[in-house]
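The values are calculated or read from the model by the stated rules, or taken from the named source; none is laboratory data. Quick caveat: nothing in here was measured; it's all calculated off a predicted structure. With ideal geometry, Cβ positions are generated from the backbone for all residues, glycine too; neighbour counts draw on all protein chains shown. The protein model used for the area step is the full one, side chains on, heavy atoms only, and it has no ligands, DNA or RNA in it. Shrake-Rupley method; radii C 1.70, N 1.55, O 1.52, S 1.80 Å.
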Amino acid sequence: MAVIFAMAGSAIGLGNIWRFPYILGEHGGSAFLIVYIAATLLLSLPVFVAEVTIGRRSRRSAYGAMAALESGRRWKIAGALSVFIPLFILCYYSVIGGWSLDFLFKSVTNQFIRQTSEEVTGLFGSFITSTWEPIIMHLAFLAICTAIIAKGVKSGIEKFSKYTIPVLFVLIVVMIVYSATLPGSMDGFRYLLDPDFSQLDAKTFVYALGQSFYSMSLGMGAIVTYGSYVKKKENIVATSVGTAISDMLFAILAGMAIMPAVFAAGMEPGAGPGLVFCSVPYIFSTMGAISPILSSLVAVLFFVAILAAAATSCISLQEVGVSYFVEHRGMTRKKAAWLLFAICGSLGVVCSLSFGPLSGVTLVGKNIFDLFDWFASNVLLLTLGFIVAVFVGFVMKKEDVKDEITNGGTNRATGWIFEVVYFLIKWVAPIGILGIFVTNFLI
Ligand code: PFF
């Protein structure tokens, strides 16, 4: 049972609260939501089952899992990719972790109270365009995570996050109820929940699938590694469905808390990565006009919870690389953790600067941060997800897959349930991912 919480803990993070609302805002609003739900159920869920199956069958972490089930150089390369991808993501994930840390300080010092919508946007704008503040916060955040990993005490923070995720859930529900009372907020609910298919374009599909993979921690070795801890009696399909639903629910609830505030504040839903960091303080600002104490309390709790969710995610991203260097390169934990701090921290500095001094450096209209994020979510994750589905669908024997998914024919995922899941893994997922991936490059 504990591993389900660990998987949900890895899945629920900045991807749901920070990334989902702004990607939705940039790529079609309510139409995006529908494509995202369909992509999660038809494509991500089968890949999730496939990753857990590989992990549990091989009893190995990401790097060696596929190669343990099937020899061949190509599966070693796939293993190497699943170590590289989380580290690539870590570079810019920790930048957003740094923003969360900064906003925790801002909420402790009551900086959101009685601010107009322009003022809260300005607060974020001046933070993000400055050179040092975001860099210091990014490095501080990453250093905290690195110290936790180096000391090998990550179970402590995981236990802590078991409490903060329910707190986050409650706070989000409170914020939904509260933001519904703001004048103009109904437009936000409509934007989110009233499907407008004229907003659909080819990019909606690739961004929806990329977001779904990102949010469920797929295509980056994390779920394979967790899969290796899943007990033999556990039902893989039920676990996967449970994780997918709770992750989706968290994202949709975050959208329902944030979009109404975006509209009430007269902000742009397509404003980009800063969306949550502008709209959420606006909620706290208006709340402060009613009760400053309540507003500060909710703000502080909110950013502590976000920070804990970001830290557990950051730690599990970094852990994939640390265990590779420890197990396969004979390094000490401490050395491996700080080596990755140096590499990912430096690349993260470049991502951080892309909102300020390096904002002029762009390629096809994307700054460096956006390029990292686009390449990770829309290219790397989908590539590894495709490989995983093909591996389980075509390389592993059907009897072995069946044996693993049905626990030797003893659980409820036998019969037609298995056949449907297997069909999704073998045909729907690879063809769907490939189709969306190719479209990504044609448009
Ligand atoms: N799924 C996480 C999120 O939505 O924030 C991101 C993530 C964390 C991915 C940890 C992978 C991972 F190992």
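The residue pairs whose first member lies in the range 338-363 and is under 18 Å from residue 375 (Cα atoms), whose second member is of a type in the set (Asp, Glu) and not in a loop (DSSP other than H, G, I, E, B), and whose beta carbons are closer than 8 Å, counting only pairs six or more residues apart or on different chains, are 354/370. Just for the range 144-165: of the residues that are within 23 Å of residue 246 (Cβ to Cβ) and touching a residue at least 40 places away in the same chain (Cβ under 8 Å), which one is surrounded by the fewest Cβ atoms within 10 Å (Cβ to Cβ)? Going through the qualifying residues, I end up with 160.
For the range 221-234, a tally of residues being open to solvent by less than 10 Å² (accessible area, probe 1.4 Å) and either without any contact (Cβ under 8 Å) to a residue 24 or more places away in the chain or not β-branched (Val, Ile, Thr) (or both) returns 2.
Every condition in (1) exposed (fewer than 14 other Cβ atoms within 10 Å of the Cβ); (2) under 21 Å from the mean Cα position of the chain (by Cα) is met by residue 367 except one, and the failing one is (1).
Please work out which residue is farthest from residue 144 (Cα to Cα), limiting yourself to the range 66-98 and to residues that are crowded, with 19+ Cβ neighbours inside 10 Å and small (Gly, Ala, Ser). Within the range 66-98, the match that is farthest from residue 144 (Cα to Cα) is 67.
Set side by side, the residues 354, 313, 359 differ, and just one is within 23 Å of the chain's Cα centre (by Cα) and away from the ligand (no atom under 16 Å from the Cβ), which is 354.
Scan the range 244-264 and tell me whether some residue there is within 20 Å of residue 181 (Cα to Cα), of a type in the set (Phe, Trp, Tyr), in a helix (DSSP H, G or I) and open to solvent by 10 Å² or more (accessible area, probe 1.4 Å). Yes, the range 244-264 has at least one match. Across the range 53-65, not a single residue is classified as more than 15 Å from the ligand (Cβ to nearest atom), of a type in the set (Ser, Thr, Tyr) and open to solvent by 30 Å² or more (accessible area, probe 1.4 Å). Restrict the check to the range 5-22 and report whether at least one residue is in a helix (DSSP H, G or I), at pLDDT 95 or above, away from the ligand (no atom under 12 Å from the Cβ) and surrounded by fewer than 24 Cβ atoms within 10 Å (Cβ to Cβ). Within the range 5-22, one or more residues are in a helix (DSSP H, G or I), at pLDDT 95 or above, away from the ligand (no atom under 12 Å from the Cβ) and surrounded by fewer than 24 Cβ atoms within 10 Å (Cβ to Cβ). Every listed requirement among (1) among the aromatic types (Phe, Trp, Tyr); (2) at pLDDT below 95; (3) within 30 Å of residue 392 (Cβ to Cβ) is met by residue 112 save one, (3). Note on the range 78-94: residues that are under 14 Å from the mean Cα position of the chain (by Cα) and more than 11 Å from the ligand (Cβ to nearest atom) total 4. A residue that is farther than 23 Å from residue 213 by Cα and basic (Lys, Arg) occurs somewhere in the range 405-425.
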